[in-house]
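J.: One structure is given below, represented as structure tokens, and several questions about it will come after.
What follows is calculated from the coordinates using simple rules that are stated; it is not laboratory data. In this text, all values refer to a predicted model and were calculated from it rather than measured experimentally. In this analysis, Cβ positions are derived from the backbone assuming ideal geometry, glycine residues included, and neighbour counts consider all displayed protein chains.
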């Protein structure tokens, strides 16, 4: 799940001489399931006269995100990886036509607390132009937004290396079609189940109900054509997901 960041703790880091404001403008949608985090980002980067960034919409889950993005057609979407309704990868899948539009394509920049390789590779494979973590400063985030608007690929320094390795290495593992059937949230539940967590522990860690955990487990078993938790654990272990 998303967490708070330096941007919430340092609301006055941007100065007029440090930003792209004035001669440049970019329309942005914020997608994150934590309202307080969205508020913090809005306060940090959304002073359009200073930063050049205009926040034209917000969303807290996949369905809201697709609706808002389709309605506003921003230049850049700041997208959290872990979202109710299927995660950032599902938003990307449902907005594929907007990303590939010949004129005024919508570009996505992942902004997440996670720096896990599978999260980064998942959204980049889905079409995101970059991935930065929530420890990024407001000034650097504004710069990243404008770079993505220009079509550049942007990554937090530590993440760039394994992104390049994953896509350039001749011995990189092939796409796992079975794993790709799962939503981001289903993968999270799968990983925790395989590690031996009880449903209540998973619910607490992911901030969801036990009933929702049960629904995700049922969906995972159905999609992977597995019968029980033991088979699921063996499946995940064989793919080094644990």
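J.: Can you sort 215, 144 by how many other beta carbons sit within 10 Å, fewest first? The partial results should precede the final answer.
T.: Details: 215 14, 144 23.
Ascending Cβ contact count within 10 Å gives the list 215, 144.
J.: Now for a separate question. Over the Cα atoms of region 79-118, each weighted equally, I'd like the Debye log10 I(q)/I(0) at q = 0.26, 0.30, 0.32 Å⁻¹, rounded to two decimals.
T.: -0.90, -1.04, -1.10
J.: Taking the beta-carbon count within 10 Å as an exposure proxy, list 45, 69, 121 from fewest neighbours to most.
T.: Lowest to highest Cβ neighbour count: 121, 69, 45.
J.: For the residues 199, 131, what sequence is obtained by ranking on other C-beta atoms within 10 Å, fewest first?
T.: Details: 199 18, 131 29.
Fewest-to-most ranking of 199, 131: 199, 131.
J.: Could you compute Rg(Cα) / (2.2 N^0.38 Å) for region 177-238, with N its residue count?
T.: Dividing the Cα Rg of region 177-238 by 2.2 N^0.38 Å gives 1.00.
J.: Sort out for me the Cα centre separation of region 188-226 from region 90-124, rounded to whole Å.
T.: 25
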